[in-house]
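The values are calculated or read from the model by the stated rules, or taken from the named source; none is laboratory data. In this text, all values refer to a predicted model and were calculated from it rather than measured experimentally. Here the Cβ positions follow ideal geometry from the backbone for every residue, glycine too, while neighbour counts run over all protein chains shown.
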């Protein structure tokens, strides 16, 4: 299927590029091709990775009024991601584990296991977070109790603002 | 048929395609290339099934994080033929992954990757990994609860890569938060980008097969010498070569026909994979699991020593990819027959045993807490009041049963505790409960002295009843 005669040279002969009209035209054609590729590729790639150009700072999200939380209880609280797009709908819902320590003191955990990100569950009687994927276990304060997780559960900053409990939500992954 | 001849003649004068098509179809191939050589075309057939059923699915599938799940439910439950097409797309994907793997093992065992076909192997390795990437992205387009958590798990794994981890994770999620932009990337990759790259490499791969000809069935003692191989191959073809069409092609076509019928039957009788819960990431009652072909890797991550994970999570796939790529550079000459290459047989057996045993472990998932464990009842405990029964209640409420088996009930992450008192003394038992262990949490801050007392009383209640030291869990009664 292949022929045996010497193929014509495709690449530019740099020694003759400003001497031979043919070599110069090769260079022009190569440069123009590269320009076409860059003009199309750069904006497209930037668009696909627009998130690199948008600062994603933590946003305060209200989880409910102060009275909704009992001291010493760890509860799941669902909220809507502040980063959601209108057509995200059901996929824009998020949950945090919230524990009220005292009157004004809260801790809030991301639900993601620090091993591989599966959602941990709070087990009331055992006072432990258990992960369904690989059996990671965390204590009530988020520290690793057993299994493969390398780090404690991620904590969100919590504040009480006008009687509302708020957490500084940011996509879990960007902080780790 | 005169009319057909006329049409062919007319087209050939204007396209010049008759000659190359006839040449390709009738090119001579080595004889004796029997059923072992059908897996490449089988993989290609699966890919064609995927393209056709994929185009069909794209007509009704809505690529948005808010609507994808509902549109899939419509396809599965209401659209005529929808369930069938989804099933064919699923089993086509499964078959493609299966046969791309079998094809790779065959070319490895037969030494077909050796000179001059190194590039056949290298392009094939890219096709193998791209096929797995298609499976992974496709599983995510299912966009049910499992898919949502699969993306999270994938991103967490990427996050562990040194230096580029954060960027890779953000790229996977498109910005770090799960949503339509995440979904859009996977849709674009699964439907446009990856198939485009696949098609380009498949064309290249098939070109190489035609350019070098298929490797002749290996004969022990017939070695490859790059200086003389091509000449010997050409002479062998002239002497005993058979036309590809139909002498060799009929096996490819017959095997692929059986394969497509099998895909159809599976789609009819097993149907599309069940859509799990809706893609609501706020529901924590989720137990994400990958599709069958990645279960073994899932198991590997669970069973590793914990300290080695950061290296393995990223290093293992990268290492496997590099090892695959390096195959023709270890040895591209000499013996081709596996009968004279014991190492190659050993490697294949090792891979099969490694993946197979992990796969079995993964299917059973013994490391996962058994959230569905039925609490111990008075019959199982052997008491309905008193300290033993109180201890059993503590055993239930502290979540012990999620990881430990007692009298045949509960999880299997930790050891069976039915006759634990024949292994541990009272003090050892107390120390273990309070301090925890490798995978076990410490209960020091979680258990009152009274509960601890009750718990140990309960755990020691079966001491020596019928319990020799070597009692097996399955014989522990109460099942």
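Would you check which residues across segment A:153-166 are within 13 Å of chain B (Cβ to nearest Cβ) and at pLDDT 90 or above and list them?
Within segment A:153-166, just A:153 meets the criteria.
Inspect segment B:26-49 for any residue being free of Cβ contacts under 8 Å to residues at least 60 places away in the same chain and assigned by TED's automatic domain parsing to the domain that holds residue B:99 and give the result as yes or no. Give the steps one after another, and end with the answer.
Looking only at segment B:26-49, we keep the residues that are free of Cβ contacts under 8 Å to residues at least 60 places away in the same chain, and these are B:48.
Still in the list and also assigned by TED's automatic domain parsing to the domain that holds residue B:99: B:48.
Scanning segment B:26-49, I find at least one residue that is free of Cβ contacts under 8 Å to residues at least 60 places away in the same chain and assigned by TED's automatic domain parsing to the domain that holds residue B:99, so the answer is yes.
Could you tell me whether any residue of segment B:168-191 is more than 19 Å from the chain's Cα centre (by Cα), at pLDDT below 80 and more than 10 Å from chain A (Cβ to nearest Cβ)?
So far as segment B:168-191 goes, no, none of its residues is more than 19 Å from the chain's Cα centre (by Cα), at pLDDT below 80 and more than 10 Å from chain A (Cβ to nearest Cβ).
Conditions tested, residue by residue: (1) at the interface with chain B (Cβ under 7 Å from one of its Cβ atoms); (2) surrounded by fewer than 22 Cβ atoms within 10 Å (Cβ to Cβ); (3) not in a strand (DSSP E or B).
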| position | (1), (2), (3) |
| --- | --- |
| A:114 | no, no, yes |
| A:125 | yes, yes, yes |
| A:145 | yes, no, no |
| A:168 | no, yes, no |
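Within the group A:78, A:108, which residue is away from chain B (no Cβ under 11 Å), surrounded by 14 or more Cβ atoms within 10 Å (Cβ to Cβ) and either part of a strand (DSSP E or B) or in contact (Cβ under 8 Å) with a residue 24 or more places away in the chain (or both)?
Exactly one residue qualifies, and that residue is A:108.
List the residue pairs whose Cβ atoms are under 6 Å apart, where the first residue sits in segment B:55-67 and is facing chain A (nearest Cβ under 9 Å), the second is buried (at least 19 other Cβ atoms within 10 Å of the Cβ), and the two are 6 or more positions apart or on different chains.
What qualifies is B:64/B:180; B:65/A:88; B:65/A:91; B:65/B:179; B:65/B:180; B:65/B:183; B:66/A:88; B:66/A:89.
Residue by residue through segment B:353-390, note down the ones that are within 14 Å of chain A (Cβ to nearest Cβ), part of a helix (DSSP H, G or I) and touching a helix residue (DSSP H, G or I) at 6+ places or on another chain (Cβ under 6 Å). Break it down into steps so the answer makes sense when it comes.
In the first step, residues of segment B:353-390 are kept if they are within 14 Å of chain A (Cβ to nearest Cβ); the result is B:358, B:361-362, B:364-373, B:375-376, B:390.
Subsequent filtering for residues that are part of a helix (DSSP H, G or I) retains B:358, B:361-362, B:364, B:390.
B:358, B:361, B:362, B:390, listed by residue number.
Looking only at segment B:411-449, which residues are surrounded by fewer than 14 Cβ atoms within 10 Å (Cβ to Cβ), over 25 Å from residue B:380 (Cβ atoms) and within 12 Å of another protein chain (Cβ to nearest Cβ)?
Passing the criteria: B:435, B:438, B:444, B:445.
Based on this model, can you work out whether residue B:157 counts as at the interface with chain A (Cβ under 9 Å from one of its Cβ atoms) and more than 20 Å from residue A:45 (Cα to Cα)?
Working: at the interface with chain A (Cβ under 9 Å from one of its Cβ atoms): yes; more than 20 Å from residue A:45 (Cα to Cα): yes.
Judged against the criteria, residue B:157 is a match.
At positive phi and within 7 Å of chain B (Cβ to nearest Cβ), is that true of residue A:89?
yes
Here are some residues: A:24, A:47. Which one is surrounded by 14 or more Cβ atoms within 10 Å (Cβ to Cβ), modelled with pLDDT of 90 or more, assigned to a helix (DSSP H, G or I) and out of contact with any helix residue (DSSP H, G or I) (no Cβ under 6 Å at 6 or more places or on another chain)?
Working: A:47 fails: surrounded by 14 or more Cβ atoms within 10 Å (Cβ to Cβ).
That would be A:24, the only listed residue that is surrounded by 14 or more Cβ atoms within 10 Å (Cβ to Cβ), modelled with pLDDT of 90 or more, assigned to a helix (DSSP H, G or I) and out of contact with any helix residue (DSSP H, G or I) (no Cβ under 6 Å at 6 or more places or on another chain).
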